[in-house]
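To start, the structure itself, in structure tokens.
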Number of protein chains: 2
Amino acid sequence: MAIKIGILGYGNLGRGAEAAVAQNDDMELVGIFTRRDPSGVQAATAGVPVRSADDLLAGDPLDIDVLVICGGSATDLPEMTPKYAALYNVIDSFDTHAHIPQHFATVDKEAGENGHVALISSGWDPGLFSLNRLFGNCFIPQGKDYTFWGPGVSQGHSDATRRIEGVADARQYTLPVEKALDEVRSGSNPDLTTREKHTREVFVVAEPGADHAAITKEIVEMPNYFDEYDTTVHFISQEEMDRDHSGLPHGGFVLRSGKMASGATSVIEYSLKLDSNPDFTSSVMLAYARAVARLSAEGQKGCRTVFDVAPAYLSAHEGAYLRSHFL
Amino acid sequence: MAIKIGILGYGNLGRGAEAAVAQNDDMELVGIFTRRDPSGVQAATAGVPVRSADDLLAGDPLDIDVLVICGGSATDLPEMTPKYAALYNVIDSFDTHAHIPQHFATVDKEAGENGHVALISSGWDPGLFSLNRLFGNCFIPQGKDYTFWGPGVSQGHSDATRRIEGVADARQYTLPVEKALDEVRSGSNPDLTTREKHTREVFVVAEPGADHAAITKEIVEMPNYFDEYDTTVHFISQEEMDRDHSGLPHGGFVLRSGKMASGATSVIEYSLKLDSNPDFTSSVMLAYARAVARLSAEGQKGCRTVFDVAPAYLSAHEGAYLRSHFL
């Protein structure tokens, strides 16, 4: 029996999740739910209905095994995930690290009281990077952690740049500093400042007559976003922006290095190189949605994270197959 | 209450496990058990008794939460792990990939019938590399897997070389081919032959008057071990061997690359760089020993692998701490 997937939210992540269902033979997409007027939204997949998000809440719950919630972490998910966890098994990619404990608590209450399983903060960071931070700390108990992001597009930094007067369009890339990465890989456990770990590169389309020097100054001095980094600003045309910077690539590195009790050094490195951040994130979410369906079928309830899911639950294959093919 | 650890087998791996206990505050080493005459064996840790392996089997089981079995996969573990799983929770690092299903079945029977938890094939390959092969297949459903080993010492190849006439000592290094690694990292999903993925480098101490050319020929043409690889042989003195090649470094790379449904490429890379293969392996085993103790305390029984263990079970910290620090 296929796992019945519903997708709530139809932006980049929702479209990625929709496409990813086709790569998972044991899943079936039963509907896309949007807060917009559904009559104006067309699903990319033939035969998949686009419905109002209100339909999820009206009357009896719909026949959905796992609802994949594709909303923003700032305002959408803190409200949506607990609300829908009261009615469905759900998964989200809540990524405001500092607020995870609070989000976990509210979701756990709704899911637990209503007999559903909710998995929050899936994706790659939080998600796969978190797993590797945890693993690193368990396998190298005395060591240091390093997380580098990029090369990739930061949507938050791109948005912040677009709000500057005279900026028509902007795209910000976060870049790990190779020298710092190599130092960490050497096992020397360096202390690295924010500036030493990442640089930022911004491509800007300026409005006609805008003051490029003033825009550059405002970007590189922007508190929290850019002031602690070495930032390079490039002015390009809208045509160049559309041609060269329309993708959402991302990735990064999690390293753990330290010394075994004997004094021998060990270094663990995990890295991702993604042409499309939302496509990979949604693919990870679907694997964890499979786990959610299974945990729920076992009678579990409440909130979970990637830390609580045995890896075998992520695969459509049974244990004997996993042991003979992957172990 | 500390987790009471027993170590069975006191070679490189057992000594690594002994040292690693000191890096895990929630563990206590209650004894080292050897098949040798214990009166001739001295524990590196003050106050830890060295006892005969027979003591584990005589009379009532000893007060041990998890027995860490540090034996060889060829002949030791197939016999030892099921035998001790009947009496204790156990963990091993059985690494003969082709025989894992059989080993799992025999261990599962003994552990299951006697109410213990056994975890087999922990370490890094099988173990952490297996996890990353499984994860890769779940997160990038349509892609290819690549495992590279090294740079590192292969004890099997070193032993095979030592059996050649005229060879007094030998050490074999397995080296991943950088060009092949870079091709895989590019996301091009190349088809790679055995020869294209790894090279082998052998350091030999020849006996006086031995025929170096004949030894070289016998090494590079040795079926299964060397004939499918490009192998370089160096003749060195015993002093150089002792000075430069006494360690057991190892490591490797697991990559998964493929295309999301949109056509976007994703590449996942996991790598280890280990000064000491047995020290890291035993550190991983201790983290999984912690999980074994917890699964057993929950009332579980039977055989498990790394695929069956939720990551949170590996850490001494509780869920709330993990979520606020690592997620």
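Structural remarks
- Computed 3J(HN,Hα) for region A:41-47, one whole-Hz value per residue from the Karplus formula 6.51 cos²θ - 1.76 cosθ + 1.60 where θ = phi - 60°, is 10, 10, 5, 6, 8, 4, x, glycine and proline marked x.
- Residues of region A:244-273 whose accessible area (probe 1.4 Å, heavy atoms of protein chains only) drops by at least 20 Å² once all protein chains are present, relative to their chain alone: A:260, A:261, A:262, A:264, A:265, A:266, A:267, A:268, A:269, A:270, A:271, A:273.
- Copy-to-copy label distances for residue A:165, where each label lies 7 Å from Cα along Cα-to-Cβ, are 9.2 nm in order of increasing length.
- When the solvent-accessible area of chain B is split by element, carbon and sulfur atoms take up 48 percent of it, the probe being 1.4 Å.
- Distance from the alpha carbon centroid of region A:139-158 to that of region A:241-274 works out to 7 angstrom.
- Chain A: most fluctuating residue of A:126, A:190, A:82 per GNM, C-alpha cutoff 10 Å: A:190
- Within-12-Å neighbourhood charge of residue B:303 [Cβ basis; K, R +1; D, E -1]: -1
- For region A:95-112 and region B:164-188, distance of Cα centres in Å: 47
- Nonlocal amide H pairs with residue B:304, under 5 Å, H built at 1.01 Å: B:118, B:119, B:120
- Low-density loop cleavage sites - GluC sites (Glu not before Pro) in region A:46-127, where at most 16 other Cβ are within 10 Å (DSSP): none
- With loop membership from DSSP and a limit of 16 other Cβ atoms within 10 Å, the longest segment of chain A without trypsin sites (Lys or Arg not before Pro) is A:164-327.
- Peptide B:93-104, shielding by other chains (average Cβ, 10 Å cutoff): 2
- Å² of accessible area per residue within region B:237-294, as computed with a 1.4 Å probe and no ligands counted: 30
- P(r), alpha carbons of region A:149-191 - 5 Å bins starting at zero, rounded %: 6, 21, 18, 14, 12, 11, 9, 7, 3, 0
- Taking the DSSP beta bridges with both ends in chain A, the antiparallel portion is around 55 percent.
- FRET efficiency for residue A:239 and residue B:244, using Cβ-Cβ distance with R0 set to 45 Å, rounded to 0.05: 0.15
- Two-site label geometry, residue A:99 and residue B:165: point separation in nm, points 7 Å out along Cα→Cβ: 7.7
- Remark: mean inter-chain Cβ contacts per residue of A:15-25 equal 3, using a 10 Å Cβ-Cβ cutoff to other protein chain atoms.
- At the residue level, residue A:62 shows approximately 50 square angstrom of accessible surface with a 1.4 angstrom probe and all protein chains present.
- Bridge orientation summary for region A:180-308: considering DSSP beta bridges with both residues in this region, about 60 percent are antiparallel.
- Probe 1.4 Å, all protein chains present, accessible-area order of B:125, A:145, B:25, largest first: B:25, A:145, B:125
- Label point distance in nm, residue A:262-residue A:318, each placed 7 Å from Cα along Cα→Cβ: 4.1
- Computed from backbone phi, the HN-Hα couplings of region B:252-260 come to x, 9, 10, 10, 9, 9, x, 10, 5 Hz, rounded to whole numbers (Karplus: 6.51 cos²θ - 1.76 cosθ + 1.60, θ = phi - 60°; Gly and Pro given as x).
- Chain B: C-alpha pair distances exceeding 29 Å, %: 46
- Inter-part distance where region B:209-234 and region A:1-75 are each reduced to a Cα centre, Å: 60
- Percent antiparallel among DSSP beta bridges (both partners in region B:158-241, rounded to 5): 60
- Summed buried accessible surface, chains B and A, 1.4 Å probe, nearest 100 Å²: 5500
- Residues in region B:294-327 occluded by at least 50 Å² - accessible area, probe radius 1.4 Å, against chain by itself: B:307, B:311, B:323, B:326, B:327
- For residue A:208, inter-copy label distances in nm, listed shortest first [label point 7 Å out on the Cα-Cβ vector]: 9.3
- Think of a 1.4 Å ball rolled over the protein heavy atoms: region B:22-106 then has 47 Å² of accessible area per residue.
- Entry note, chain A: the mean residue ellipticity at 222 nm calculated from DSSP H runs of n ≥ 4, each adding -39500 (n - 2.57), is -10000 deg cm²/dmol after division by the residues and rounding to the nearest 500.
The values are calculated or read from the model by the stated rules, or taken from the named source; none is laboratory data. Since the model is a prediction, treat every value here as computed from it, not as a measurement. All Cβ positions, even for glycine, are placed from backbone atoms using ideal geometry, and neighbour counts span all protein chains on display. Surface accessibility is based on the protein's heavy atoms, side chains included, excluding ligands, DNA and RNA. Shrake-Rupley method; radii C 1.70, N 1.55, O 1.52, S 1.80 Å.
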